[in-house]
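Worksheet: one structure, shown below.
The values are calculated or read from the model by the stated rules, or taken from the named source; none is laboratory data. A quick note: this is a predicted structure, and the numbers were derived from the prediction, not measured. All Cβ positions, even for glycine, are placed from backbone atoms using ideal geometry, and neighbour counts span all protein chains on display. Quick note on the areas: whole protein, heavy atoms, side chains included, nothing else; ligands and nucleic acids left out. Shrake-Rupley method; radii C 1.70, N 1.55, O 1.52, S 1.80 Å.
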Amino acid sequence: EAEVAQSPRYKITEKSQAVAFWCDPISGHATLYWYRQILGQGPELLVQFQDESVVDDSQLPKDRFSAERLKGVDSTLKIQPAELGDSAMYLCASSDNDLGTRGNTIYFGEGSWLTVV
Amino acid sequence: SQQGEEDPQALSIQEGENATMNCSYKTSINNLQWYRQNSGRGLVHLILIRSNEREKHSGRLRVTLDTSKKSSSLLITASRAADTASYFCATEERGSTLGRLYFGRGTQLTVWP
């Protein structure tokens, strides 16, 4: 069964350092999402790509977060500098975004846990 | 906020019992979905119900949708210890061109053997 791949699984970084997460979506999925999930809460969308273009980054803290999907396949989410409040799980997800018929079912990776100390 | 809100926040039952979780939302929707998350793992899609549907079944899962009350329920019948997880409802807003989903805070279900 096709999966969304993410790495690293766990990351501990010091405050003010840079950190990056990588995601490889399910093959053929044009839509890629990065979500942030704080412990005890639901996922919140940070950024959404359609192919290589950003279509929604309204919730992305752009002063410190950046995301790219240069070839419209895999993606990187970067945080620089990291702050204590960034400690969370960062989930990548993808979909074929079939809005016309089945509805937009999203497939998630296993997530990357970030602890900022 | 357009997020769904699940109720209860936590639910603890014995194996074999049924588990019911509820979700309320605020806006008109295209569909509502339920996802499951095992501790420390990613979310897994369980079931999608469209706004023109009232009930849907998948194995031991039964989902209902009442658009007049802006609410949904997820029923897990004959629960098993392996059903222990967090369950999230997610809504796709009506007219959405991007298919963005809004997630609630989840219900933590614990099923005791």
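Using 0.36 nm per residue, how much length does the chain from A:Leu70 to A:Leu39 gain when fully extended, once their Cα-Cα distance is taken away?
8.1 nm
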Quote the accessible area belonging to B:Leu75 in square angstrom, nearest 10, computed with a 1.4 Å probe and with ligands, DNA and RNA left uncounted. 30
A plus B alone minus the pair: what accessible area, both sides summed, probe 1.4 Å, in Å² to 100? 1900
Give the separation of the Cα centroids, the stretch B:36-75 to the stretch A:39-96, in Å. 26
Residue farthest toward the positive end of the dipole of the stretch B:5-112, with Cβ of Lys/Arg at +1 and Asp/Glu at -1: which of B:Thr64, B:Ser86, B:Thr110? B:Thr64
For the stretch B:5-112: span of alpha carbons on each principal axis (Å, largest first): 41, 28, 22
Mind putting a number on the dipole of the protein assembly as shown about its Cα centre? Charges go on the C-beta only, +1 for Lys and Arg and -1 for Asp and Glu, and I need it in Debye to the nearest 20. 320
For A:Ile38, B:Ile47, what's the largest-to-smallest order of accessible area, 1.4 Å probe? A:Ile38, B:Ile47
Under the Kirkwood approximation applied to all pairs of distinct alpha-carbon atoms, what is the hydrodynamic radius of the stretch B:19-72 in Å? 12.0
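What FRET efficiency comes out for A:Asp63 versus A:Ser7 if R0 is 22 angstrom and r is the Cβ-Cβ distance? Round to the nearest 0.05.
Computed FRET efficiency for A:Asp63 and A:Ser7: 0.30.
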Write down, largest first, the equivalent ellipsoid semi-axes of the stretch A:45-117 in whole Å, where each equals the square root of 5 times an eigenvalue of the alpha-carbon gyration tensor. 24, 14, 11
Excluding residues fewer than 8 places away in the same chain, name every one of the lysines whose C-alpha is closer than 19 Å to that of A:Lys62. A:Lys15, A:Lys78
Among A:Val55, B:Ser51, A:Ala5, whose Cα projects farthest towards the positive end of the dipole of the protein assembly as shown, with charges put on the beta-carbon of Lys, Arg (+1) and Asp, Glu (-1)? B:Ser51
Filtered hits (lysines, Cα-Cα < 25 Å from B:Lys69, offset >= 8 within chain) -> B:Lys26, B:Lys56
For the protein assembly as shown, state the semi-axes of the equivalent ellipsoid (square roots of 5 times the eigenvalues of the alpha-carbon gyration tensor), sorted largest first and rounded to whole angstrom. 29, 21, 15
For the stretch B:5-112, what does the relative contact order come out to in percent, with C-alpha contacts under 8 Å and a separation of six or more? 38
Most fluctuating of B:Gly16, B:Gly40, B:Gly99 in the GNM of chain B (C-alpha, under 10 Å) is B:Gly40
